[in-house]
1. State all residues of segment 48-85 that are outside any loop (DSSP other than H, G, I, E, B), under 21 Å from VAL2 (Cβ atoms), open to solvent by less than 50 Å² (accessible area, probe 1.4 Å) and not polar (S, T, N, Q); if no residue qualifies, say none.
2. Which of (1) modelled with pLDDT under 90; (2) over 13 Å from the mean Cα position of the chain (by Cα); (3) open to solvent by 60 Å² or more (accessible area, probe 1.4 Å) does ARG91 not meet, given it meets every other one?
3. From (1) modelled with pLDDT under 95; (2) in contact with a helix residue (DSSP H, G or I) (Cβ under 7 Å, 6 or more places away or on another chain), pick out the condition that doesn't hold for MET1.
4. Restricting the first residue to segment 13-31 and requiring it to be in contact (Cβ under 8 Å) with a residue 12 or more places away in the chain, which pairs with a second residue that is charged (D, E, K, R) meet a Cβ separation below 9 Å and a spacing of at least six or different chains?
5. Return the residue satisfying two criteria in turn: it lies in segment 94-105 and is open to solvent by 60 Å² or more (accessible area, probe 1.4 Å) and over 14 Å from the mean Cα position of the chain (by Cα), and of such residues it is farthest from MET37 (Cα to Cα).
6. Test GLY85 against the criterion of being more than 15 Å from the chain's Cα centre (by Cα) and within 20 Å of GLY103 (Cα to Cα), and give yes or no.
Amino acid sequence: MVDVDRGDPDAHLHADLNVPGSLPAELFDCVILTQVMQFLSPEAALANLWASIAPGGVLLLTVPSLGRLDPHDQDNDFWRWTPNGLAELLRRVGIRASVCGYGNV
C-alpha cells in the first residue's frame, strides 16, 4: 500500500503520486488504484504510476463518474470522468487502455 502520509503504519511505501519519480521505476507488475484519482493531479499521477509498472505489467484503475463529493475532503476532491473522458486522459498520458463504464442509473 502507498500513502503520502508518513504517519500511516499500514503503508509499505510513502510517496506523493503527483510527484514524478516518487515511485520506483518499472518495479510493479500490477498496480491497483481505486477511487483515488479525484484527489490527484490526473496527468502527473498517471504518468508517475505508468512509469512504475514493469514492462508487460497492468494498471487497474477505477475513477468516479457520478458521485457525491467526499464529505471529509471536499477541498481536495476535484474530478469526475465519463468513460470517454477517462479514455482521452489515458491517451494523452500515453497509456493504451480499455475503458469500460458501468452504471449510469
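The values are calculated or read from the model by the stated rules, or taken from the named source; none is laboratory data. Please read all numbers here as calculations on a predicted model, not as lab measurements. Every residue, glycine among them, receives a Cβ derived from its backbone with ideal geometry; neighbour counts consider all protein chains shown. With ligands, DNA and RNA removed, areas are computed over all heavy atoms of the protein, side chains included. Shrake-Rupley method; radii C 1.70, N 1.55, O 1.52, S 1.80 Å.
1. The answer is LEU49, ILE53, ALA54, GLY57, LEU59, LEU61.
2. Condition not satisfied by ARG91: (1).
3. Looking at each condition in turn, MET1 falls short on (2).
4. Final answer for the pair search is LEU13/ASP3; HIS14/ASP3; HIS14/ASP5; HIS14/ARG6; HIS14/ASP8; ALA15/ASP3; SER22/ASP16.
5. So the residue we want is VAL105.
6. no
Condition check ((1) among the aliphatic types (A, V, I, L, M); (2) farther than 20 Å from ARG91 by Cβ) across all residues:
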| position | (1), (2) |
| --- | --- |
| ALA11 | yes, yes |
| ALA15 | yes, yes |
| ALA25 | yes, yes |
| ALA47 | yes, no |
| ASP73 | no, yes |
